[in-house]
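Have a look at the structure below before the remarks.
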Amino acid sequence: MKNIMTAVAFGAALSMGGCSIVHSISAPEEQTTGVQVRDDQMTGLKDRYSTTLAVTNRLGQPTRTVQSTSGEQWYYDYTHTFRSAPQNNMSESVIFEFDRSGVMTSHKRVTPIAP
């Protein structure tokens, strides 16, 4: 009986210790989400010439798409955050617009305006 009580007490202590370990895990210093599009990756992609296939071959799948009556918009959203230095956080979107036949009509890089 004494061995069973010792085992139960030991198990309870371990499970409580495990909870404290989980609570002590902090968020990572840096976090990145989305697809970062570098300027060199944009080289060769031309309005009224490049197709959806050319863009996906170079950049991969977009993070989101929006359908319109004239075609489609592809968004490559990217966010990089720093827990200890939020002034260095970065967020941007590269937007490609395609006509109904899948030819790129325009593209641009957009960064949010700071408040």
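The values are calculated or read from the model by the stated rules, or taken from the named source; none is laboratory data. The model shown is predicted, which means the values in this text are computed figures rather than measured ones. Neighbour counts run over all protein chains shown; Cβ positions are idealised from the backbone, glycine included.
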Members of the range 62-115 found to be over 20 Å from residue 49 (Cα atoms), in contact (Cβ under 8 Å) with a residue 40 or more places away in the chain and hydroxyl-bearing (Ser, Thr, Tyr), listed by number
78, 79, 81, 84
Among the residues of the range 92-111, is there at least one that is within 19 Å of the chain's Cα centre (by Cα) and over 30 Å from residue 28 (Cα atoms)?
yes
Filter the range 37-46 for residues that are assigned to a loop (DSSP other than H, G, I, E, B), over 17 Å from residue 73 (Cα atoms) and either modelled with pLDDT of 95 or more or within 19 Å of the chain's Cα centre (by Cα) (or both) and give the result.
38
In this structure, does residue 66 turn out to be in contact with a Phe, Trp or Tyr (Cβ under 6 Å, 6 or more places away or on another chain) and part of a strand (DSSP E or B)?
no
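Here's the yes/no breakdown for (1) surrounded by 14 or more Cβ atoms within 10 Å (Cβ to Cβ); (2) of a type outside the set (A, V, I, L, M, F, W, C); (3) outside any helix (DSSP H, G or I):
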residue	(1), (2), (3)
48	no, yes, yes
53	no, no, no
57	no, yes, no
62	yes, yes, yes
75	yes, yes, yes
80	yes, yes, yes
95	yes, no, yes
101	no, yes, yes
108	no, yes, yes
Which numbered condition trips up residue 32, out of (1) modelled with pLDDT of 95 or more; (2) surrounded by 10 or more Cβ atoms within 10 Å (Cβ to Cβ); (3) not aliphatic (A, V, I, L, M)?
(1)
Selection from the range 82-93 of residues within 25 Å of residue 68 (Cα to Cα) and either in a loop (DSSP other than H, G, I, E, B) or in contact with a Lys or Arg (Cβ under 7 Å, 6 or more places away or on another chain) (or both) yields 92
